[in-house]
1. Within segment 267-284, count every residue that is assigned to a loop (DSSP other than H, G, I, E, B) and either outside the structural domain of residue 321 (by TED's automatic domain parsing) or exposed (fewer than 11 other Cβ atoms within 10 Å of the Cβ) (or both).
2. Restricting attention to segment 322-334, does a residue exist that is closer than 30 Å to residue 219 by Cβ, outside the structural domain of residue 218 (by TED's automatic domain parsing) and either at pLDDT 90 or above or not in a strand (DSSP E or B) (or both)?
3. Which of (1) without any contact (Cβ under 8 Å) to a residue 60 or more places away in the chain; (2) surrounded by 13 or more Cβ atoms within 10 Å (Cβ to Cβ) does residue 40 not meet, given it meets every other one?
4. Quick one: in segment 1-16, which of the residues that are under 57 Å from the mean Cα position of the chain (by Cα) and part of a loop (DSSP other than H, G, I, E, B) is nearest to residue 103 (Cα to Cα)?
5. Please specify each residue of segment 88-116 satisfying the condition of being more than 23 Å from residue 35 (Cα to Cα), loosely packed, with under 15 Cβ neighbours inside 10 Å and touching a residue at least 24 places away in the same chain (Cβ under 8 Å).
6. Looking at segment 237-251, which of its residues are part of a strand (DSSP E or B) and surrounded by 10 or more Cβ atoms within 10 Å (Cβ to Cβ)?
7. Based on what the data block shows, is residue 287 surrounded by fewer than 18 Cβ atoms within 10 Å (Cβ to Cβ) and without any contact (Cβ under 8 Å) to a residue 40 or more places away in the chain?
């Protein structure tokens, strides 16, 4: 059985609230207190409500109330045997927000009549259930904490929870992250943006996508610390092996035709061609596909039948972009080859 009465507690009014009860009526008598201030219900969300009392034998009582309707401002007090001693028990109710401070009621009274049946034993020690609960669970601190509510020299330990002085919440030994406390690279096993060392195998793959390893005015390199050799992609676009350029197709320009040419990365160029219907009366001009650095190059011409000893043709007047073939008979055909440098 549970017998409950409702009492309004007006925080701003100086009035004495009296309640009558009978000695030893434990586990049955409850009081629901509704807190009202300035004609408005006091919101008990994120609050604890406690009672401090002295009975007629001057035994102190410090217990918790149960908040049964936080938004409606209602908390319930169970009348224990310490409350129910014959005479007058004076008490105050205290509202304690989890972020600190307290709001107290006026002093109220419980008028306790004597129980005519005297078979119950009597205890004389003070009752501090609220303190006992606090020691067990550190006040059952509401974990819906706000930044700045708790600051200590080192840390505060709650049930499975550590709140560090810098306000980093730790639960069961693990950090709890939020927008103000983001994980560091070491927290999640990642490399910092400033760089670091990876030991072991790294697999990177993404179909039809590109992996960027070098950004901005820096070279990208893959190397081996034992050999000291590096494959480098320079920021100017050159591909190098330990600072020595690796030649690509762009370094081997060519035109495989007649006339044609083949250029080597060093700048050495082979040029060739074929000419028909040479004239013996005039010098025959041959324009080179690629102009050379100077006229210090080799130019040879042979008869179309491959006889390079035929005295009827020879090369003369070498220029950077052309040379001439002199023929001693009309209608001759010849192949020519030039080796030079750009």
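The values are calculated or read from the model by the stated rules, or taken from the named source; none is laboratory data. Keep in mind that what you see is a predicted model, and the values were worked out from it rather than measured. Positions of Cβ are generated from backbone atoms using ideal geometry, with glycine treated the same way; all protein chains shown enter the neighbour counts.
1. Selection size over segment 267-284: 2.
2. Initially, segment 322-334 is screened for residues closer than 30 Å to residue 219 by Cβ, giving none.
Scanning segment 322-334 turns up no residue that is closer than 30 Å to residue 219 by Cβ, outside the structural domain of residue 218 (by TED's automatic domain parsing) and either at pLDDT 90 or above or not in a strand (DSSP E or B) (or both).
3. Every listed condition holds for residue 40 apart from (2).
4. Among those that are under 57 Å from the mean Cα position of the chain (by Cα) and part of a loop (DSSP other than H, G, I, E, B), it is 11.
5. Let us first name the residues in segment 88-116 that are more than 23 Å from residue 35 (Cα to Cα), namely 112-116.
Then drop every residue that is not loosely packed, with under 15 Cβ neighbours inside 10 Å, which leaves 113-116.
Hits for segment 88-116 are 113, 114, 115.
6. Passing the criteria: 239, 240, 241, 245.
7. Considered against the rule, which asks whether it is surrounded by fewer than 18 Cβ atoms within 10 Å (Cβ to Cβ) and without any contact (Cβ under 8 Å) to a residue 40 or more places away in the chain, residue 287 comes out as yes.
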